[in-house]
Amino acid sequence: MLDLAQLVERVAPILVFLVAITLVAEICDLAGLFDVAAHYAARLARGHVVVLWLLVVVLAVASTTVLSLDTTAVLLTPV
């Protein structure tokens, strides 16, 4: 069995990462980045749901390529 110190040592980096990415997402939200991206994507899609979905997929792929899947999940959740 793992003792508490080993458990904290193992889990702490993951929790720090999640908190840091959540802070980045919150700062982006406060700056209006997600609102601008959503309005731009909606205007570009011109009412076509499939096009809007494809734009979100492209954004997710680009974000995952540069960052990571976990980061993409946290960043795109507000969108």
Are there any pairs with C-beta distances below 6 angstrom linking a residue in the stretch 55-68 that is closer than 16 Å to residue 45 by Cα to a residue that is not basic (Lys, Arg), with the two at least 6 apart or on different chains, and if so which?
55/41
Which one is farthest from the chain's Cα centre (by Cα) among residues in the stretch 23-67 that are small (Gly, Ala, Ser) and more than 14 Å from residue 77 (Cβ to Cβ)?
47
Considering residues of the stretch 35-79 that are polar (S, T, N, Q) and part of a helix (DSSP H, G or I) only, the residue surrounded by the fewest Cβ atoms within 10 Å (Cβ to Cβ)
65
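Bear in mind these aren't lab numbers, they're just calculated from the coordinates by the rules spelled out. None of the values given here were measured: they were computed from a predicted structure. With ideal geometry, Cβ positions are generated from the backbone for all residues, glycine too; neighbour counts draw on all protein chains shown.
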